[in-house]
Amino acid sequence: PRVCCIRRRTYLKDNMNRKPVKTDKAPAPIGPYNQAIIYNGLLFTSGQIAIDPKTNELPPLDIKGQTALVLENLRAILESAGTGLDRIIKTTVFLKDMNDFAAMNEVYATYLSAGSPARSTVEVSRLPKDVLVEIDCIAGV
């Protein structure tokens with residue numbers, strides 16, 4: 001019984017240390033999740049796609065345009081949490097077509113070249129709203 005109580009207190013304490021991040025400068029979540037969570041000095045973002053936060057619509061953009069909009073959305077979330085692109089530790093890039101890697105990477109490098117974070121890039125069969133790219137990140141706060 002005592003172990004159960006200790007685990008419960010730890011769980012409750014951990015939940016109290018979680019702080020959701022919300023900003024209207026990035027797309028609103030389209031499901032039961034937050035734009036990001038701050039936990040133990042780290043910011044964990046949800047995957048971002050190329051939705052225009054002003055219209056909540058997906059503009060007709062190629063891979064370069066979508067990558068830029070995704071990174072701008074990530075920037076808005078990071079800044080609302082008091083951090084920035086320069087504090088990103090790790091990103092995960094999901095591409096609809098790995099043939100878009102070079103074009104995505106060209107734009108990505110303009111945003112994250114200084115102190116480049118660790119990164120995984122994978123091709124997936126489908127992304128929300130049939131976008132070409134989705135990116136999430138972990139950053140220090």
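In this structure, does Ser46 turn out to be under 27 Å from Arg18 (Cα atoms) and without any contact (Cβ under 8 Å) to a residue 24 or more places away in the chain? Against the criterion (under 27 Å from Arg18 (Cα atoms) and without any contact (Cβ under 8 Å) to a residue 24 or more places away in the chain), Ser46 does not qualify. Exactly one residue out of Asn56, Asn99 is farther than 16 Å from Ala36 by Cα, of a type outside the set (Ser, Thr, Tyr), in contact (Cβ under 8 Å) with a residue 24 or more places away in the chain and open to solvent by 70 Å² or more (accessible area, probe 1.4 Å): that is Asn56.
Against the numbered list (1) within 13 Å of the chain's Cα centre (by Cα); (2) part of a loop (DSSP other than H, G, I, E, B), Ser116 comes up short only at (1).
The rows are residues; the columns are (1) in a helix (DSSP H, G or I); (2) modelled with pLDDT under 95.
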| site | (1), (2) |
| --- | --- |
| Arg8 | yes, yes |
| Leu12 | yes, yes |
| Thr23 | no, no |
| Ala26 | no, no |
| Pro32 | no, yes |
| Leu43 | no, no |
| Ala50 | no, no |
| Leu61 | no, no |
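Residues that are of a type outside the set (Val, Ile, Thr) and open to solvent by 60 Å² or more (accessible area, probe 1.4 Å) within segment 23-53 comprise Asp24, Lys25, Pro32, Tyr33, Tyr39, Asn40, Phe44, listed in sequence order.
For Ala114, the criteria (1) of a type outside the set (S, T, N, Q); (2) exposed (fewer than 15 other Cβ atoms within 10 Å of the Cβ); (3) modelled with pLDDT of 95 or more hold in every case but one, which is (3).
Taken over segment 80-103, the residue count meeting the criterion of being closer than 13 Å to Cys137 by Cβ and either assigned to a helix (DSSP H, G or I) or at pLDDT below 95 (or both) is 3.
All of (1) buried (at least 18 other Cβ atoms within 10 Å of the Cβ); (2) more than 15 Å from the chain's Cα centre (by Cα) hold for Arg87 with one exception: (2).
Across segment 117-141, the number of residues qualifying as surrounded by 15 or more Cβ atoms within 10 Å (Cβ to Cβ) and touching a residue at least 40 places away in the same chain (Cβ under 8 Å) comes to 11.
The values are calculated or read from the model by the stated rules, or taken from the named source; none is laboratory data. Treat the numbers as computed from the prediction; the structure is a model and nothing was measured. A quick note on method: Cβ atoms are made from the backbone with ideal geometry, for glycine too, and the neighbour counts reach across all protein chains shown. Note: accessible area is taken over every heavy atom of the protein model, side chains too, but ligands, DNA and RNA are not part of it. Shrake-Rupley method; radii C 1.70, N 1.55, O 1.52, S 1.80 Å.
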